[in-house]
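One structure, pasted below without further comment.
The values are calculated or read from the model by the stated rules, or taken from the named source; none is laboratory data. Remember, it's a predicted structure, so these values are computed and weren't measured experimentally. FYI the Cβ positions are ideal-geometry reconstructions off the backbone, even for glycines, and counts take in every protein chain you see.
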Amino acid sequence: MRSDDVREVAQVCTSALSHMLERARDPGTDWAARAGDLDMSVAEVVAHTGQRVLLLATDLAGGPAGLGTVEVRITAHAPPAALVATVRTAAEVLAAVLDATPEDARGFHPDGLSDPSGFAALACDEMLVHTDDAAHGLGVSFVPDPHLAARVLRRLFPWAPRHELSWPTLRWANGRSPLGDRPRQESWRPLCVPLTEWDGARPVP
């Protein structure tokens, strides 16, 4: 995955969030609702999404050593429309870093030294799953293009079942729901290292 995927997912997610905002009776009240099963409000989870994507851009640009000096904080008390714009902006920042980064570069991530495709997939995963969290908090449906979900799934969770629909499987891989007879996961860990270095085993959370 690369910068085009990040931009595409950002467009899908921010368009969905903007639509949720337009449907809100009172954005200040509606976006204070709990986001799905998370201990965050809708506004907080959208702010968290922008924050995580910006941190990914910083980690990739910082290289394999990891900085440990950077704190990114996006206030959830901003107007909801500004939070949506922040997610879009954060994605564009990461996409620009991806465009400028060689494919064999590595950046620090707590789950392993990741290559650019891993950072792109991590950002797409954050945006897709947290947009879904926001949608659940607002009582609406969010179902992205299954091809987008499949690309994220195969890069970050290559051990996930292949005979199930990609979006429900990605939600399961992120601990959001059961998948068929498989129970909801209590813990999980994405594959950050390049797929060529994967040993075929599921990483231990």
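Of all the helices (runs of 4 or more DSSP H) wholly in region 1-116, which have at least 3 residues that are under 16 Å from the mean Cα position of the chain (by Cα), surrounded by 14 or more Cβ atoms within 10 Å (Cβ to Cβ) and of a type in the set (D, E, K, R)?
Of the helices (runs of 4 or more DSSP H) lying wholly inside region 1-116, those with at least 3 residues that are under 16 Å from the mean Cα position of the chain (by Cα), surrounded by 14 or more Cβ atoms within 10 Å (Cβ to Cβ) and of a type in the set (D, E, K, R) span 3-23, 42-62.
Taking the stated definitions as given, is TRP172 farther than 27 Å from GLY68 by Cα and either in a helix (DSSP H, G or I) or polar (S, T, N, Q) (or both)?
Criteria met by TRP172.
What's the number of the condition PRO203 fails, among (1) outside any loop (DSSP other than H, G, I, E, B); (2) over 17 Å from the mean Cα position of the chain (by Cα)?
Of (1) outside any loop (DSSP other than H, G, I, E, B); (2) over 17 Å from the mean Cα position of the chain (by Cα), only one is false for PRO203: (1).
Just the residues that are in contact with a Leu (Cβ under 8 Å, 6 or more places away or on another chain) and under 29 Å from PHE157 (Cβ atoms), please, taken from region 18-36.
Selection gives MET20, ALA33.
While we're looking at this one, here's another question. Can you tell me which residues in region 117-151 are surrounded by 20 or more Cβ atoms within 10 Å (Cβ to Cβ), among the small types (Gly, Ala, Ser) and within 18 Å of ASP59 (Cβ to Cβ)?
Those that are surrounded by 20 or more Cβ atoms within 10 Å (Cβ to Cβ), among the small types (Gly, Ala, Ser) and within 18 Å of ASP59 (Cβ to Cβ): GLY118, ALA120, ALA121, ALA123.
I've got another one for you. Taking the stated definitions as given, is ASP104 within 20 Å of CYS192 (Cα to Cα), at pLDDT below 95 and in contact with a Cys (Cβ under 6 Å, 6 or more places away or on another chain)? Break it down stepwise before answering.
Working: within 20 Å of CYS192 (Cα to Cα): yes; at pLDDT below 95: yes; in contact with a Cys (Cβ under 6 Å, 6 or more places away or on another chain): no.
So ASP104 does not fit the description; no.
Only one of GLY50, GLY107 is in contact with a Leu (Cβ under 8 Å, 6 or more places away or on another chain), under 20 Å from ALA149 (Cα atoms) and free of Cβ contacts under 8 Å to residues at least 60 places away in the same chain; which? Reasoning before the result, please.
Numbers: GLY107 fails: under 20 Å from ALA149 (Cα atoms).
On inspection, the qualifying residue turns out to be GLY50.
Assuming TRP159 fulfils every condition listed in (1) touching a residue at least 40 places away in the same chain (Cβ under 8 Å); (2) not in a loop (DSSP other than H, G, I, E, B) apart from one, which condition is it?
For TRP159, the failing item is (2).
Please work out which one of (1) in contact (Cβ under 8 Å) with a residue 12 or more places away in the chain; (2) among the β-branched types (Val, Ile, Thr); (3) over 29 Å from VAL84 (Cα atoms) is the condition THR196 fails and give its number.
(1)
Within region 152-161, is there a residue that is touching a Cys at 6+ places or on another chain (Cβ under 7 Å), surrounded by 17 or more Cβ atoms within 10 Å (Cβ to Cβ) and at pLDDT 95 or above?
yes
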